[in-house]
1. Could you identify the single residue in B:VAL155, B:VAL207, B:VAL148, B:VAL160 that is open to solvent by less than 80 Å² (accessible area, probe 1.4 Å), part of a loop (DSSP other than H, G, I, E, B) and away from chain A (no Cβ under 14 Å)?
2. Considering only residues that are under 23 Å from A:ALA107 (Cβ atoms) and of a type in the set (A, V, I, L, M, F, W, C), look in region B:77-97 and name the one that is farthest from the chain's Cα centre (by Cα).
3. What are the pairs, 6+ residues apart or on separate chains, where a residue within region A:151-164 that is modelled with pLDDT of 95 or more has its Cβ under 7 Å from a residue that is basic (Lys, Arg) and open to solvent by 50 Å² or more (accessible area, probe 1.4 Å)?
4. Consider A:LEU95 carefully, then state whether it is open to solvent by less than 60 Å² (accessible area, probe 1.4 Å), without any contact (Cβ under 8 Å) to a residue 60 or more places away in the chain and facing chain B (nearest Cβ under 9 Å).
5. Do we have A:GLN100 as touching a helix residue (DSSP H, G or I) at 6+ places or on another chain (Cβ under 9 Å), more than 13 Å from chain B (Cβ to nearest Cβ) and either closer than 20 Å to B:PHE75 by Cβ or open to solvent by 70 Å² or more (accessible area, probe 1.4 Å) (or both) here?
6. Which of the residues that make up region B:71-97 are closer than 20 Å to B:SER116 by Cβ and either among the polar types (S, T, N, Q) or in contact with a Pro (Cβ under 8 Å, 6 or more places away or on another chain) (or both)?
7. Going by what's in this entry, would A:GLU105 be described as open to solvent by less than 60 Å² (accessible area, probe 1.4 Å) and either assigned by TED's automatic domain parsing to the domain that holds A:CYS49 or in contact with a Lys or Arg (Cβ under 8 Å, 6 or more places away or on another chain) (or both)?
8. Tell me, which residue of region B:69-90 that is more than 16 Å from B:ALA134 (Cβ to Cβ) and among the charged types (D, E, K, R) is farthest from the other protein chains (Cβ to nearest Cβ)?
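The values are calculated or read from the model by the stated rules, or taken from the named source; none is laboratory data. Computed from a predicted structure; not experimentally measured. Cβ: placed from backbone, ideal geometry, glycine included. Neighbour counts: every protein chain shown. Just the protein is used for accessible areas: all its heavy atoms, side chains included, with ligands, DNA and RNA removed. Shrake-Rupley method; radii C 1.70, N 1.55, O 1.52, S 1.80 Å.
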Amino acid sequence: MADDLKIKVNGRLSPVAASPDTPLLYVLTNELNLWGPRFGCGLAQCGSCSVLADGVEIRSCVTPVGAVANKSLTTFEGLAAWYAEQKGLAQAPALHPLQQAFIDEQAPQCGYCYNGMLIKGSELLAQTPRPSEAQIRSHMDGHLCRCGSYPRIMKAIQLASTTMAGATR
Amino acid sequence: MNAILTDTSAGPLSRRDLLKGGGALVVGFCIGGSALPASAARGDAAGPPDPNTIDSWIAVHADNTATVYLGKGEFGQGNTTGLLQIAGEELDLDMNQLRSVQLDTNTVPNQGATTSSSSIHRGGPQVRAAAAEARQALLALASTRLGVQTGSLTVSKGVVSIDGHPSRSVSYGALLGDKPFNVKFTGIAPQKPINRYKLVGTRVPRVDIPDKMTGKIRLHAAGAGARHAARPHRAASAGKAPMATAPSPSSIDESSIAGIPGARIVRKGDFVGVVAEREWDAVKAARAAQGQLEGERDAAGQCRPVRRACAPPRPPTP
(Lines give C-alpha, C1' and ligand atoms only; values in the text may rest on other atoms or scores of the structure.)
Protein backbone atom coordinates (compact mmCIF):
# COMPACT_ATOMS: atom_id res chain seq x y z
CA MET A 1 0.00 0.00 0.00
CA ALA A 2 2.65 2.41 1.06
CA ASP A 3 4.63 1.54 -2.04
CA ASP A 4 1.99 3.18 -4.19
CA LEU A 5 1.92 6.47 -2.31
CA LYS A 6 3.39 9.44 -4.12
CA ILE A 7 3.33 13.10 -3.19
CA LYS A 8 3.95 16.14 -5.35
CA VAL A 9 6.29 18.55 -3.61
CA ASN A 10 7.64 21.70 -5.23
CA GLY A 11 6.52 20.44 -8.62
CA ARG A 12 8.17 17.06 -8.32
CA LEU A 13 6.36 13.77 -7.77
CA SER A 14 8.14 11.56 -5.24
CA PRO A 15 7.37 8.08 -3.98
CA VAL A 16 6.82 7.80 -0.25
CA ALA A 17 8.24 4.88 1.68
CA ALA A 18 6.57 5.80 4.97
CA SER A 19 3.15 4.50 5.96
CA PRO A 20 0.23 6.79 5.02
CA ASP A 21 -0.42 7.70 8.66
CA THR A 22 3.05 9.23 8.99
CA PRO A 23 2.88 12.99 9.46
CA LEU A 24 3.88 14.81 6.28
CA LEU A 25 6.67 16.64 8.11
CA TYR A 26 8.55 13.41 8.79
CA VAL A 27 8.39 12.49 5.10
CA LEU A 28 9.51 15.93 3.93
CA THR A 29 12.46 15.89 6.29
CA ASN A 30 13.54 12.28 6.37
CA GLU A 31 12.72 11.16 2.84
CA LEU A 32 12.79 14.29 0.70
CA ASN A 33 15.57 16.05 2.61
CA LEU A 34 13.58 19.28 2.83
CA TRP A 35 14.60 21.12 5.98
CA GLY A 36 12.61 24.32 5.67
CA PRO A 37 9.58 22.99 7.53
CA ARG A 38 10.52 22.46 11.15
CA PHE A 39 9.27 20.47 14.04
CA GLY A 40 8.14 23.07 16.54
CA CYS A 41 5.40 21.94 18.89
CA GLY A 42 4.23 18.84 17.01
CA LEU A 43 0.67 19.82 17.88
CA ALA A 44 -0.27 22.21 15.06
CA GLN A 45 -0.12 25.07 17.52
CA CYS A 46 2.91 27.09 16.42
CA GLY A 47 3.15 27.00 12.62
CA SER A 48 6.82 26.10 12.47
CA CYS A 49 6.07 23.10 10.22
CA SER A 50 3.76 24.86 7.76
CA VAL A 51 3.65 24.06 4.08
CA LEU A 52 1.22 24.98 1.31
CA ALA A 53 -1.18 22.38 -0.08
CA ASP A 54 -2.74 23.70 -3.30
CA GLY A 55 -1.78 27.15 -2.07
CA VAL A 56 -3.40 26.72 1.35
CA GLU A 57 -1.28 26.62 4.50
CA ILE A 58 -1.41 23.37 6.43
CA ARG A 59 0.45 22.06 9.48
CA SER A 60 2.62 19.23 8.26
CA CYS A 61 3.32 17.91 11.77
CA VAL A 62 -0.24 16.64 12.15
CA THR A 63 -1.23 16.02 8.52
CA PRO A 64 -0.93 12.37 7.53
CA VAL A 65 1.06 12.05 4.33
CA GLY A 66 -1.69 9.86 2.89
CA ALA A 67 -4.09 12.79 3.08
CA VAL A 68 -2.11 15.01 0.71
CA ALA A 69 -1.44 12.52 -2.08
CA ASN A 70 -3.59 14.44 -4.55
CA LYS A 71 -2.40 17.89 -3.61
CA SER A 72 0.38 20.05 -4.94
CA LEU A 73 2.63 20.83 -2.01
CA THR A 74 4.97 23.79 -1.70
CA THR A 75 7.61 24.05 0.99
CA PHE A 76 9.96 26.88 1.99
CA GLU A 77 12.37 25.55 -0.64
CA GLY A 78 9.78 25.92 -3.40
CA LEU A 79 8.36 29.34 -2.56
CA ALA A 80 10.28 31.25 -5.24
CA ALA A 81 9.21 28.82 -7.98
CA TRP A 82 5.63 28.87 -6.70
CA TYR A 83 5.65 32.66 -6.88
CA ALA A 84 7.06 32.61 -10.41
CA GLU A 85 4.34 30.23 -11.48
CA GLN A 86 1.64 32.48 -10.05
CA LYS A 87 3.08 35.55 -11.69
CA GLY A 88 3.78 33.81 -14.97
CA LEU A 89 7.45 34.67 -14.74
CA ALA A 90 9.72 32.88 -17.20
CA GLN A 91 12.29 32.25 -14.52
CA ALA A 92 11.95 31.89 -10.78
CA PRO A 93 13.76 34.55 -8.77
CA ALA A 94 16.36 33.37 -6.27
CA LEU A 95 14.00 34.22 -3.44
CA HIS A 96 10.29 34.83 -3.02
CA PRO A 97 9.78 38.59 -2.53
CA LEU A 98 8.78 37.90 1.06
CA GLN A 99 12.04 36.06 1.70
CA GLN A 100 13.90 39.06 0.29
CA ALA A 101 11.79 41.35 2.46
CA PHE A 102 12.70 39.26 5.51
CA ILE A 103 16.35 40.00 4.71
CA ASP A 104 15.71 43.67 4.01
CA GLU A 105 13.74 44.17 7.22
CA GLN A 106 16.08 41.92 9.25
CA ALA A 107 12.97 40.05 10.30
CA PRO A 108 13.95 36.61 11.52
CA GLN A 109 15.80 35.95 14.70
CA CYS A 110 16.29 32.50 16.19
CA GLY A 111 14.97 30.36 13.38
CA TYR A 112 11.93 28.81 15.03
CA CYS A 113 9.14 30.61 13.21
CA TYR A 114 10.36 31.93 9.92
CA ASN A 115 9.45 28.92 7.84
CA GLY A 116 5.84 29.24 8.93
CA MET A 117 5.84 33.02 8.73
CA LEU A 118 7.03 32.87 5.14
CA ILE A 119 4.55 30.17 4.18
CA LYS A 120 1.62 31.93 5.82
CA GLY A 121 2.71 35.37 4.61
CA SER A 122 3.10 34.09 1.04
CA GLU A 123 -0.37 32.57 1.22
CA LEU A 124 -1.74 35.91 2.34
CA LEU A 125 -0.01 37.88 -0.39
CA ALA A 126 -1.24 35.44 -3.04
CA GLN A 127 -4.81 35.87 -1.83
CA THR A 128 -4.70 39.53 -0.84
CA PRO A 129 -1.93 41.38 -2.68
CA ARG A 130 -2.32 44.61 -0.70
CA PRO A 131 -3.36 43.56 2.78
CA SER A 132 -4.12 46.09 5.49
CA GLU A 133 -2.30 45.88 8.79
CA ALA A 134 -5.45 44.44 10.34
CA GLN A 135 -5.64 41.81 7.61
CA ILE A 136 -2.01 40.87 8.18
CA ARG A 137 -2.55 40.58 11.92
CA SER A 138 -5.62 38.47 11.45
CA HIS A 139 -4.07 36.21 8.83
CA MET A 140 -0.80 35.65 10.69
CA ASP A 141 -2.54 34.95 13.99
CA GLY A 142 -1.65 31.37 14.80
CA HIS A 143 2.03 31.60 13.97
CA LEU A 144 4.18 32.02 17.03
CA CYS A 145 7.50 33.85 17.22
CA ARG A 146 9.31 33.19 20.47
CA CYS A 147 11.70 36.08 19.88
CA GLY A 148 8.88 38.58 19.48
CA SER A 149 9.95 39.69 16.03
CA TYR A 150 6.33 40.36 15.00
CA PRO A 151 6.80 44.07 14.24
CA ARG A 152 9.62 43.26 11.79
CA ILE A 153 7.59 40.45 10.24
CA MET A 154 4.73 42.91 9.80
CA LYS A 155 7.07 45.36 8.05
CA ALA A 156 8.47 42.59 5.85
CA ILE A 157 5.01 41.53 4.67
CA GLN A 158 4.15 45.14 3.91
CA LEU A 159 7.41 45.58 2.01
CA ALA A 160 6.86 42.40 0.02
CA SER A 161 3.35 43.54 -0.81
CA THR A 162 4.81 46.72 -2.27
CA THR A 163 7.57 45.03 -4.23
CA MET A 164 5.18 42.41 -5.59
CA ALA A 165 2.82 45.13 -6.75
CA GLY A 166 5.72 46.76 -8.53
CA ALA A 167 6.63 43.50 -10.22
CA THR A 168 3.27 43.30 -11.99
CA ARG A 169 3.37 46.76 -13.46
CA MET B 1 25.02 22.56 19.62
CA ASN B 2 27.17 20.35 21.69
CA ALA B 3 25.11 17.39 20.64
CA ILE B 4 26.47 17.80 17.14
CA LEU B 5 29.99 17.93 18.30
CA THR B 6 30.17 15.39 21.03
CA ASP B 7 28.32 12.67 19.19
CA THR B 8 31.13 10.58 17.86
CA SER B 9 29.05 7.50 17.29
CA ALA B 10 29.80 7.66 13.60
CA GLY B 11 33.49 8.23 14.13
CA PRO B 12 35.29 11.40 15.04
CA LEU B 13 34.27 14.46 13.12
CA SER B 14 37.47 15.90 11.81
CA ARG B 15 38.04 19.57 11.24
CA ARG B 16 38.37 18.88 7.56
CA ASP B 17 35.04 17.01 7.41
CA LEU B 18 33.33 19.88 9.07
CA LEU B 19 34.83 22.65 7.04
CA LYS B 20 34.61 21.03 3.69
CA GLY B 21 30.96 20.45 4.47
CA GLY B 22 30.17 22.17 1.21
CA GLY B 23 26.44 21.82 1.60
CA ALA B 24 26.49 18.42 3.21
CA LEU B 25 26.80 19.91 6.63
CA VAL B 26 26.69 23.62 7.09
CA VAL B 27 27.61 24.57 10.60
CA GLY B 28 27.78 28.15 11.58
CA PHE B 29 28.18 30.55 8.77
CA CYS B 30 29.86 30.76 5.45
CA ILE B 31 29.34 34.35 4.56
CA GLY B 32 29.27 35.29 0.94
CA GLY B 33 28.82 31.72 -0.13
CA SER B 34 32.40 31.25 -1.16
CA ALA B 35 34.27 28.07 -0.44
CA LEU B 36 35.76 28.50 2.95
CA PRO B 37 39.48 27.94 3.12
CA ALA B 38 39.20 28.16 6.87
CA SER B 39 41.79 25.54 7.63
CA ALA B 40 44.16 26.81 5.00
CA ALA B 41 46.18 28.97 7.33
CA ARG B 42 46.37 26.52 10.16
CA GLY B 43 46.54 23.17 8.46
CA ASP B 44 44.37 20.32 9.55
CA ALA B 45 45.73 19.64 13.01
CA ALA B 46 43.41 17.64 15.19
CA GLY B 47 42.40 18.80 18.61
CA PRO B 48 41.19 22.02 20.13
CA PRO B 49 43.26 24.97 18.95
CA ASP B 50 45.71 26.68 21.27
CA PRO B 51 44.06 29.91 22.43
CA ASN B 52 47.48 31.46 22.99
CA THR B 53 48.30 31.80 19.35
CA ILE B 54 46.75 34.31 16.97
CA ASP B 55 46.29 31.64 14.32
CA SER B 56 43.62 30.07 16.50
CA TRP B 57 41.56 33.24 16.24
CA ILE B 58 42.10 34.77 12.84
CA ALA B 59 43.18 33.70 9.38
CA VAL B 60 43.91 36.12 6.55
CA HIS B 61 43.20 34.86 3.06
CA ALA B 62 44.79 35.65 -0.29
CA ASP B 63 41.62 37.43 -1.47
CA ASN B 64 42.11 39.98 1.29
CA THR B 65 39.38 38.59 3.47
CA ALA B 66 39.67 37.16 6.94
CA THR B 67 38.09 34.33 8.87
CA VAL B 68 37.47 34.85 12.56
CA TYR B 69 37.14 31.71 14.66
CA LEU B 70 34.47 32.27 17.23
CA GLY B 71 33.91 30.11 20.28
CA LYS B 72 30.38 31.42 20.55
CA GLY B 73 27.25 30.04 18.95
CA GLU B 74 24.79 32.01 16.87
CA PHE B 75 21.17 31.45 17.82
CA GLY B 76 19.85 34.43 15.96
CA GLN B 77 20.85 36.77 18.76
CA GLY B 78 23.33 38.45 16.43
CA ASN B 79 26.55 37.79 18.27
CA THR B 80 28.31 36.75 15.07
CA THR B 81 27.62 40.12 13.54
CA GLY B 82 28.75 41.95 16.66
CA LEU B 83 31.93 39.96 17.09
CA LEU B 84 32.83 40.39 13.42
CA GLN B 85 32.29 44.13 13.78
CA ILE B 86 34.73 44.11 16.68
CA ALA B 87 37.32 42.15 14.69
CA GLY B 88 36.77 44.31 11.61
CA GLU B 89 37.22 47.49 13.64
CA GLU B 90 40.66 46.50 14.89
CA LEU B 91 41.76 45.13 11.54
CA ASP B 92 40.19 47.93 9.48
CA LEU B 93 38.27 45.42 7.40
CA ASP B 94 34.74 45.88 6.10
CA MET B 95 31.99 43.46 7.04
CA ASN B 96 32.03 41.97 3.54
CA GLN B 97 35.68 41.02 4.07
CA LEU B 98 34.89 39.01 7.18
CA ARG B 99 33.44 35.61 7.81
CA SER B 100 33.27 33.40 10.81
CA VAL B 101 33.64 29.77 11.71
CA GLN B 102 31.70 28.56 14.70
CA LEU B 103 30.35 25.55 16.52
CA ASP B 104 33.31 23.24 16.15
CA THR B 105 35.33 22.83 19.31
CA ASN B 106 38.03 21.19 17.24
CA THR B 107 38.42 24.35 15.16
CA VAL B 108 37.51 27.36 17.25
CA PRO B 109 39.04 28.61 20.48
CA ASN B 110 37.11 27.79 23.62
CA GLN B 111 35.37 31.01 24.62
CA GLY B 112 33.18 29.31 27.16
CA ALA B 113 29.44 28.87 27.04
CA THR B 114 27.17 30.95 24.85
CA THR B 115 24.83 32.02 27.62
CA SER B 116 23.65 34.95 29.70
CA SER B 117 23.80 37.48 26.86
CA SER B 118 27.55 37.49 27.43
CA SER B 119 28.94 36.87 23.94
CA ILE B 120 29.87 40.49 23.36
CA HIS B 121 30.56 41.34 26.98
CA ARG B 122 32.94 38.43 27.55
CA GLY B 123 33.83 37.21 24.08
CA GLY B 124 34.17 40.66 22.56
CA PRO B 125 37.31 41.68 24.47
CA GLN B 126 39.01 38.43 23.46
CA VAL B 127 38.20 38.93 19.80
CA ARG B 128 39.22 42.58 20.00
CA ALA B 129 42.57 41.74 21.59
CA ALA B 130 43.27 38.98 19.07
CA ALA B 131 42.39 41.22 16.13
CA ALA B 132 44.54 44.04 17.52
CA GLU B 133 47.45 41.67 17.83
CA ALA B 134 46.87 40.36 14.32
CA ARG B 135 46.87 43.93 13.05
CA GLN B 136 50.24 44.60 14.69
CA ALA B 137 51.68 41.50 13.03
CA LEU B 138 50.33 42.60 9.65
CA LEU B 139 51.70 46.12 10.14
CA ALA B 140 55.12 44.65 10.93
CA LEU B 141 55.04 42.69 7.68
CA ALA B 142 53.90 45.78 5.78
CA SER B 143 56.63 47.86 7.37
CA THR B 144 59.25 45.49 6.01
CA ARG B 145 57.56 45.30 2.61
CA LEU B 146 57.10 49.05 2.21
CA GLY B 147 60.33 50.06 3.94
CA VAL B 148 58.85 52.48 6.47
CA GLN B 149 58.16 52.46 10.19
CA THR B 150 54.80 51.03 11.28
CA GLY B 151 53.96 54.45 12.71
CA SER B 152 53.65 55.91 9.22
CA LEU B 153 51.28 53.23 7.98
CA THR B 154 47.53 53.50 7.63
CA VAL B 155 44.98 50.79 6.88
CA SER B 156 41.69 50.91 5.03
CA LYS B 157 39.69 47.86 3.98
CA GLY B 158 42.67 45.64 4.60
CA VAL B 159 45.02 47.66 2.42
CA VAL B 160 48.06 49.05 4.22
CA SER B 161 49.50 52.24 2.76
CA ILE B 162 52.05 54.86 3.69
CA ASP B 163 50.54 57.99 5.19
CA GLY B 164 50.24 60.57 2.45
CA HIS B 165 51.25 58.08 -0.25
CA PRO B 166 48.14 55.99 -0.89
CA SER B 167 49.64 54.44 -4.01
CA ARG B 168 52.43 52.84 -1.98
CA SER B 169 50.38 50.07 -0.48
CA VAL B 170 50.08 46.34 0.11
CA SER B 171 47.04 44.30 1.07
CA TYR B 172 46.73 41.98 4.05
CA GLY B 173 46.05 39.22 1.55
CA ALA B 174 49.31 39.89 -0.28
CA LEU B 175 51.21 40.02 3.00
CA LEU B 176 49.91 36.85 4.55
CA GLY B 177 47.35 35.14 2.26
CA ASP B 178 46.50 31.80 3.84
CA LYS B 179 49.82 31.56 5.66
CA PRO B 180 49.96 31.38 9.45
CA PHE B 181 50.77 34.40 11.59
CA ASN B 182 52.96 32.31 13.91
CA VAL B 183 52.45 35.00 16.50
CA LYS B 184 51.79 34.49 20.19
CA PHE B 185 48.58 35.95 21.57
CA THR B 186 49.90 38.13 24.38
CA GLY B 187 46.77 40.24 24.76
CA ILE B 188 48.79 43.41 25.16
CA ALA B 189 48.78 44.74 21.61
CA PRO B 190 47.55 48.35 21.42
CA GLN B 191 43.87 48.58 20.56
CA LYS B 192 42.15 51.23 18.49
CA PRO B 193 40.92 54.15 20.63
CA ILE B 194 37.14 54.25 20.82
CA ASN B 195 36.99 57.75 19.36
CA ARG B 196 38.35 56.34 16.11
CA TYR B 197 35.72 53.62 15.79
CA LYS B 198 34.07 53.45 12.41
CA LEU B 199 32.36 50.06 12.42
CA VAL B 200 31.55 49.23 16.03
CA GLY B 201 28.46 51.13 17.06
CA THR B 202 27.07 51.34 13.56
CA ARG B 203 24.06 49.39 12.34
CA VAL B 204 25.05 46.64 9.98
CA PRO B 205 22.82 43.90 8.58
CA ARG B 206 22.94 40.68 10.54
CA VAL B 207 25.21 38.25 8.78
CA ASP B 208 23.18 35.15 9.61
CA ILE B 209 19.93 36.21 7.96
CA PRO B 210 20.60 35.77 4.22
CA ASP B 211 21.67 32.16 4.65
CA LYS B 212 18.57 31.50 6.67
CA MET B 213 16.40 32.84 3.88
CA THR B 214 18.12 30.86 1.18
CA GLY B 215 17.96 27.71 3.28
CA LYS B 216 21.73 27.41 3.34
CA ILE B 217 21.68 27.24 7.10
CA ARG B 218 19.89 24.05 7.79
CA LEU B 219 21.30 23.43 11.20
CA HIS B 220 20.45 25.64 14.03
CA ALA B 221 21.52 25.39 17.57
CA ALA B 222 18.40 26.84 19.10
CA GLY B 223 14.81 25.94 19.55
CA ALA B 224 13.03 24.05 16.85
CA GLY B 225 16.19 23.89 14.85
CA ALA B 226 17.77 21.68 17.45
CA ARG B 227 15.93 18.82 15.86
CA HIS B 228 17.86 19.64 12.73
CA ALA B 229 21.14 19.09 14.47
CA ALA B 230 21.45 15.47 13.52
CA ARG B 231 24.71 14.58 11.90
CA PRO B 232 24.40 13.44 8.32
CA HIS B 233 26.91 10.73 9.08
CA ARG B 234 24.45 9.03 11.33
CA ALA B 235 22.20 8.15 8.45
CA ALA B 236 24.97 6.22 6.85
CA SER B 237 26.01 4.47 10.01
CA ALA B 238 24.15 1.19 10.17
CA GLY B 239 22.21 0.49 13.27
CA LYS B 240 21.62 4.10 14.19
CA ALA B 241 17.95 4.78 14.47
CA PRO B 242 15.51 7.30 15.83
CA MET B 243 15.21 6.90 19.53
CA ALA B 244 12.81 8.00 22.18
CA THR B 245 13.70 7.85 25.84
CA ALA B 246 11.87 7.63 29.10
CA PRO B 247 13.52 8.50 32.38
CA SER B 248 13.85 5.75 34.92
CA PRO B 249 10.88 3.57 34.16
CA SER B 250 10.66 0.64 36.52
CA SER B 251 8.94 -1.61 34.05
CA ILE B 252 7.91 -1.58 30.42
CA ASP B 253 5.96 -4.34 28.80
CA GLU B 254 7.87 -4.98 25.60
CA SER B 255 4.85 -6.58 24.00
CA SER B 256 3.18 -3.16 24.07
CA ILE B 257 5.16 -2.12 20.99
CA ALA B 258 5.13 -5.48 19.25
CA GLY B 259 2.82 -4.28 16.51
CA ILE B 260 5.13 -1.48 15.38
CA PRO B 261 7.49 -2.54 12.62
CA GLY B 262 11.13 -2.68 13.63
CA ALA B 263 10.54 -1.00 16.98
CA ARG B 264 12.30 -2.36 20.00
CA ILE B 265 13.12 -1.38 23.51
CA VAL B 266 16.72 -0.66 24.42
CA ARG B 267 17.98 -0.10 27.93
CA LYS B 268 21.07 1.62 29.13
CA GLY B 269 21.59 2.17 32.81
CA ASP B 270 18.67 4.09 34.13
CA PHE B 271 17.22 4.89 30.71
CA VAL B 272 14.89 3.03 28.49
CA GLY B 273 14.75 3.96 24.83
CA VAL B 274 12.69 2.95 21.86
CA VAL B 275 14.40 2.54 18.52
CA ALA B 276 12.92 1.98 15.08
CA GLU B 277 14.02 2.25 11.50
CA ARG B 278 11.70 5.20 10.90
CA GLU B 279 11.24 8.20 13.15
CA TRP B 280 7.46 8.01 13.09
CA ASP B 281 7.57 4.37 14.18
CA ALA B 282 9.81 5.37 17.08
CA VAL B 283 7.35 8.09 18.06
CA LYS B 284 4.47 5.64 17.89
CA ALA B 285 6.41 3.12 19.93
CA ALA B 286 7.25 5.77 22.52
CA ARG B 287 3.59 6.64 22.77
CA ALA B 288 2.62 3.00 23.10
CA ALA B 289 5.23 2.52 25.79
CA GLN B 290 3.96 5.62 27.51
CA GLY B 291 0.80 3.73 28.31
CA GLN B 292 2.90 1.42 30.38
CA LEU B 293 4.23 4.32 32.37
CA GLU B 294 1.03 6.15 33.00
CA GLY B 295 0.24 6.42 36.64
CA GLU B 296 3.82 5.69 37.55
CA ARG B 297 5.03 8.04 40.23
CA ASP B 298 8.44 8.59 41.62
CA ALA B 299 9.22 8.81 45.30
CA ALA B 300 8.31 12.49 45.35
CA GLY B 301 4.97 11.76 43.75
CA GLN B 302 5.93 13.34 40.43
CA CYS B 303 4.57 11.77 37.29
CA ARG B 304 7.36 10.73 34.96
CA PRO B 305 6.82 11.96 31.45
CA VAL B 306 7.97 10.18 28.35
CA ARG B 307 10.01 12.39 26.16
CA ARG B 308 9.43 12.72 22.45
CA ALA B 309 11.71 11.18 19.92
CA CYS B 310 15.07 12.80 19.58
CA ALA B 311 16.66 13.97 16.35
CA PRO B 312 16.25 11.66 13.37
CA PRO B 313 19.15 10.59 11.25
CA ARG B 314 19.60 13.02 8.42
CA PRO B 315 20.10 11.62 4.96
CA PRO B 316 23.32 12.64 3.27
CA THR B 317 22.91 15.43 0.78
CA PRO B 318 23.44 14.15 -2.72
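1. B:VAL148
2. That would be B:MET95.
3. Filtered contacts from region A:151-164: A:SER161/A:ARG130.
4. On the way: open to solvent by less than 60 Å² (accessible area, probe 1.4 Å): yes; without any contact (Cβ under 8 Å) to a residue 60 or more places away in the chain: yes; facing chain B (nearest Cβ under 9 Å): yes.
Criteria met by A:LEU95.
5. In short, no.
6. Taking region B:71-97 first, the residues closer than 20 Å to B:SER116 by Cβ are B:71-83, B:86.
Those that are closer than 20 Å to B:SER116 by Cβ and either among the polar types (S, T, N, Q) or in contact with a Pro (Cβ under 8 Å, 6 or more places away or on another chain) (or both): B:GLY71, B:GLY76, B:GLN77, B:ASN79, B:THR80, B:THR81.
7. yes
8. B:LYS72
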